[in-house]
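The values are calculated or read from the model by the stated rules, or taken from the named source; none is laboratory data. This is a predicted model, so every value here is computed, not measured. In this analysis, Cβ positions are derived from the backbone assuming ideal geometry, glycine residues included, and neighbour counts consider all displayed protein chains.
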Amino acid sequence: MYSFALECPTTLAEALKQTASGGQVLAGGQTLIAALNQRLAQPETLVNLSQVSELRGVRVEGTELVIGAMTRHAEVAAHAEVRRLLPALAHLADGIGDKQVRAMGTLGGSVANNDPAACYPSALLALGATVVTDRRRIAADDFFQGLYATALQPGELVTAVRFPQVQRAAYAKFRQPASRFALVGVFVAQTAAGVRVAITGAGNGVFRHAGLEAALTRSFMPEAVDGVAIDASTLNADLHASAAYRAQLIRVQTRRAVQHAAKQAKG
């Protein structure tokens, strides 16, 4: 580690002023602290957002569930309104990392970092969520742009995410045992306009699968997945799993997500 200035603003206005001056945002710190330890990041100033109450909390606005960027994973998992309106999102949050990670990691930090194996991006993309920043609103389809890349401009800060209610949804993840990131995670959401399927962990970033969406829109049954081609040539291959194995995992996790969504609807 090395020396740096630490700013701890208590209002969003203060935080924006400090980031405009070149400060590096510190949300939950689950990625940034490790980068600091390895000197992969060496900011002169850190702006700790943990005391900015405006960026935290869950509320319902009309038909949307609005979650502040600094809301911890554990808070999302346990919140009564999330569990009532979007139980799939609560389930996803409860499966991130371990208890320590869930106690510190934040929704906004995960979304802004856009790790290719993170869970939240798949939820935003499948649910058709909207990322709210201090400057604008960005549809999830336009927000995620590849490996650790998003539509955020320099100094732009995620303040909240707006999730629309859907008919039913579920998330299924095959975890990498050590990190508990997704080797493959699939979030399935049935909406009035059709089914959306978002996949994380399998490529260079979260992505939707048109073939799975079309098949499940025609028939929202696990068996509908079987006839869909999964192109392994576009998927990651590493020491944890081959591209072919990830392709099979996409099929298996999609089936499991659909099964889970169907059980929720019956319940």
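Numerical summary
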{"read-out": "Of all residues in region 173-210 being in a strand (DSSP E or B) and among the small types (Gly, Ala, Ser), the one that is surrounded by the fewest Cβ atoms within 10 Å (Cβ to Cβ)", "value": "Gly194"}
{"read-out": "Residue within region 148-168 that is within 26 Å of Asn236 (Cα to Cα), under 13 Å from the mean Cα position of the chain (by Cα) and aromatic (Phe, Trp, Tyr) present", "value": "yes"}
{"read-out": "Checklist (1) modelled with pLDDT under 95; (2) under 22 Å from Ala202 (Cβ atoms); (3) not charged (D, E, K, R) applied to Gln100, failing item", "value": "(2)"}
{"read-out": "Complete set of residues in region 125-142 that are surrounded by 18 or more Cβ atoms within 10 Å (Cβ to Cβ) and free of Cβ contacts under 8 Å to residues at least 24 places away in the same chain", "value": "Ile138, Ala140"}
{"read-out": "Ala123 touching a His at 6+ places or on another chain (Cβ under 9 Å) and more than 21 Å from Leu32 (Cα to Cα)", "value": "no"}
{"read-out": "Residue list for region 237-267, filter: aliphatic (A, V, I, L, M), buried (at least 19 other Cβ atoms within 10 Å of the Cβ) and closer than 18 Å to Thr217 by Cα", "value": "Ile250, Ala257, Val258, Ala261"}
{"read-out": "Condition met for Asp94 (in contact with a helix residue (DSSP H, G or I) (Cβ under 9 Å, 6 or more places away or on another chain), touching a residue at least 60 places away in the same chain (Cβ under 8 Å) and of a type in the set (D, E, K, R))", "value": "no"}
{"read-out": "Some residue of region 211-232 being in a loop (DSSP other than H, G, I, E, B) and closer than 30 Å to Lys99 by Cβ", "value": "no"}
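So that you can scan it fast, the table gives a plain yes or no per residue for (1) surrounded by 13 or more Cβ atoms within 10 Å (Cβ to Cβ); (2) over 19 Å from Val132 (Cβ atoms); (3) at pLDDT below 95:
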{"position": "Gly28", "(1), (2), (3)": "yes, no, yes"}
{"position": "Ile33", "(1), (2), (3)": "yes, yes, yes"}
{"position": "Asn37", "(1), (2), (3)": "no, yes, yes"}
{"position": "Leu46", "(1), (2), (3)": "yes, yes, yes"}
{"position": "Val52", "(1), (2), (3)": "yes, no, no"}
{"position": "Leu65", "(1), (2), (3)": "yes, no, no"}
{"position": "Val82", "(1), (2), (3)": "yes, no, no"}
